[in-house]
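Below is one structure, written out as structure tokens, with a few remarks after it.
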Amino acid sequence: MAFDVDLFVIGAGSGGVRAARIAAGRGAKTIVAEEFRVGGTCVIRGCVPKKLLVYASRFADDFSDAEGFGWSVGAARFDWPRLVAAKEREISRLSAVYRANLEEAGVELIEERAEVIDAHHVRLAGGRTASARHILVATGARPEPPRSIAGLEHAISSNEIFDLATFPKRLLIVGGGYIAVEFASLFARLGADVIQVMRAGNVLRGFDEDMRQGLRDELRRAGVELRFGCLPTRIERRGAALHVALSDGDALEADQVLAATGRKPNTKGMGLESAGVALDAAGAIVVDRVSTSNVPSIHAVGDVTNRVNLTPVAIRDGQALADRLFGGDKRVVDHDNVAHAVFTTPEIGAVGLTEAEAAERYEVVDIYETNFKPMKATLSGSGERAIMKLVVDAASERVVGAHILGHEASEMIQILAVAIRMGARKADLDATMAVHPTAAEELVTMRRRAARIERANSAGRATAGTGRNA
Ligand SMILES: Cc1cc2nc3c(=O)[nH]c(=O)nc-3n(C[C@H](O)[C@H](O)[C@H](O)COP(=O)(O)OP(=O)(O)OC[C@H]3O[C@@H](n4cnc5c(N)ncnc54)[C@H](O)[C@@H]3O)c2cc1C
């Protein structure tokens with residue numbers, strides 16, 4: 001059977017663009033359809049604009065730290081519209097680069113919404129249909145606000161926050177995940193009064209307990225008011241302000257309410273059910289290890305599969321799929337030991353297992369940990385702490401998890417992830433000479449074990465707090 005194209009990609013985000021480019025480069029006739037802006041979440045309203053705002057926010061720390069180092073800094077003023085405009089220029093530039101890369105590779109870009117008709121057909125919003133030997137669904141995910149809040153239409157999501165016309169002086173953030181804490185940290189530094197409410201008892205569910213506690217303290221130090229076990233029940237507009245009733249009976253006023261409570265795979269109205277594609281309970285496309293659904297010609301990568309929802313994973317899976325379909329490459333992407341970061345100030349960098357996860361998996365787990373005042377904080381007097389933790393399987397002596405709270409933790413964890421992926425033992429770190437004076441040298445100088453957890457009596461130990469050898 002002759003098809004219009006070899007590969008029809010729905011979604012020009014991280015995963016879709018990479019798959020389309022590689023497929024076309026391997027000679028496959030390829031179309032990619034995009035309903036919003038080329039580049040997807042990461043470039044347009046995710047990682048990239050977020051990091052630019054994080055950079056902007058950190059000048060606040062620099063200005064206040066400078067005094068301790070002999071500087072006198074005058075009153076600093078921050079101009080939100082100027083930052084938004086500068087950010088827009090940069091993401092437009094990046095989007096154009098993505099577009100040019102697609103063109104150069106010979107991919108046809110159609111800027112319309114696309115939906116699946118059946119195993120080999122796609123319909124575009126403009127009415128055109130196309131037949132394809134393979135279809136790749138790379139439609140990502142969208143913010144999913146908590147439906148229980150009355151007046152939810154007054155809240156914004158991460159999609160809108162990057163382009164607000166006026167700076168939200170009073171910002172209520174709902175949620176405790178990584179996106180919520182990143183916005184709390186950066187908006188507090190840009191000068192907002194930030195209140196963050198969440199259902200959970202602490203921020204960053206799923207992260208190592210010591211990182212959670214350390215970050216909670218750092219957010220408070222930055223002036224974020226944290227309220228746990230609490231959610232808004234009703235949001236009402238009263239003039240220019242939003243009046244928010246909370247489940248603990250309290251009420252407050254805010255200029256903006258940011259709902260950052262999670263994301264849902266973009267599969268709704270995509271025709272996937274009628275094409276026979278299996279979805280899981282969260283609405284994600286169920287795929288095998290090589291990103292193919294139960295319909296052999298329909299594949300999916302990235303957030304729409306709800307596996308590891310990070311840009312580099314979407315890119316790697318998109319690349320591997322195109323290499324396999326059009327280059328015969330059999331490699332399977334390994335989703336273990338994916339290093340990840342939380343771009344708060346200070347940052348969190350993590351790779352591998354948390355203490356609690358390791359305690360469930362291994363008979364005996366050794367914990368090495370340090371909690372210290374970073375050198376810069378001695379003169380700045382900022383009061384911040386850094387925490388580093390290594391999780392070691394005692395039997396193999398391998399480092400199976402590393403967790404860092406501190407400046408440049410994202411950069412440190414990227415490098416450490418290589419060693420951990422290669423199976424580094426604690427002794428290998430010990431034998432590595434330190435770079436002095438750095439914070440990272442702590443990673444190779446933690447000699448004293450902070451705790452040993454034996455599976456038989458791990459209950460309670462695996463969630464023990466920070467500072468056992470502080
Ligand atoms: C605020 C925020 C911060 C983040 N920070 C980080 C970070 O620091 N590091 C990191 O690794 N990850 C981060 N992420 C996650 C990262 O953005 C995603 O994991 C990544 O973008 C997933 O890529 P994807 O290709 O699956 O989907 P996306 O990049 O979301 O691309 C999907 C594309 O499909 C389009 N689309 C959807 N439906 C259709 C349709 N029917 N027809 C046509 N087009 C369609 C969308 O418009 C979109 O452009 C962040 C996410 C958010 C929201």
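The values are calculated or read from the model by the stated rules, or taken from the named source; none is laboratory data. All figures in this text were calculated on a predicted structure; none of them were measured in a lab. Glycine gets a Cβ as well: all are built from the backbone with ideal geometry, and neighbour counts include every protein chain shown. Heavy atoms of the whole protein, side chains included, go into the accessibility calculation; ligands, DNA and RNA do not. Shrake-Rupley method; radii C 1.70, N 1.55, O 1.52, S 1.80 Å.
At-a-glance table
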read-out: Out of LYS426, LYS389, sole residue that is open to solvent by less than 60 Å² (accessible area, probe 1.4 Å), over 30 Å from ALA20 (Cα atoms), among the basic types (Lys, Arg) and within 27 Å of the chain's Cα centre (by Cα); value: LYS389
read-out: Residue check, GLY214 among the small types (Gly, Ala, Ser), open to solvent by 20 Å² or more (accessible area, probe 1.4 Å) and either in contact with a strand residue (DSSP E or B) (Cβ under 8 Å, 6 or more places away or on another chain) or within 16 Å of the ligand (Cβ to nearest atom) (or both); value: no
read-out: Single unsatisfied condition, SER64 versus (1) without any contact (Cβ under 8 Å) to a residue 24 or more places away in the chain; (2) open to solvent by 70 Å² or more (accessible area, probe 1.4 Å); (3) of a type in the set (Gly, Ala, Ser); value: (1)
read-out: Residue check for GLY25: free of Cβ contacts under 8 Å to residues at least 12 places away in the same chain and surrounded by fewer than 22 Cβ atoms within 10 Å (Cβ to Cβ); value: no
read-out: Test: ILE348 is within 13 Å of the ligand (Cβ to nearest atom), part of a strand (DSSP E or B) and closer than 27 Å to LEU204 by Cα; value: yes
read-out: Residue list for region 25-53, restricted to those being under 17 Å from VAL301 (Cα atoms), more than 7 Å from the ligand (Cβ to nearest atom) and touching a strand residue (DSSP E or B) at 6+ places or on another chain (Cβ under 6 Å); value: THR30, ILE31, VAL32
read-out: Members of region 251-296 that are away from the ligand (no atom under 11 Å from the Cβ), outside any loop (DSSP other than H, G, I, E, B) and among the basic types (Lys, Arg); value: LYS264
read-out: When residues of region 317-344 are limited to those that are without any contact (Cβ under 8 Å) to a residue 40 or more places away in the chain and part of a helix (DSSP H, G or I), the one farthest from ARG221 (Cα to Cα); value: ARG324
read-out: Residue within region 324-333 that is small (Gly, Ala, Ser) and within 15 Å of the ligand (Cβ to nearest atom) present; value: no
read-out: Residue within region 122-132 that is away from the ligand (no atom under 16 Å from the Cβ) and open to solvent by 50 Å² or more (accessible area, probe 1.4 Å) present; value: no
read-out: Matching entry among ARG37, ARG93, ARG82, ARG89 (being open to solvent by 50 Å² or more (accessible area, probe 1.4 Å), among the basic types (Lys, Arg), closer than 22 Å to GLY140 by Cα and in a helix (DSSP H, G or I)); value: ARG93
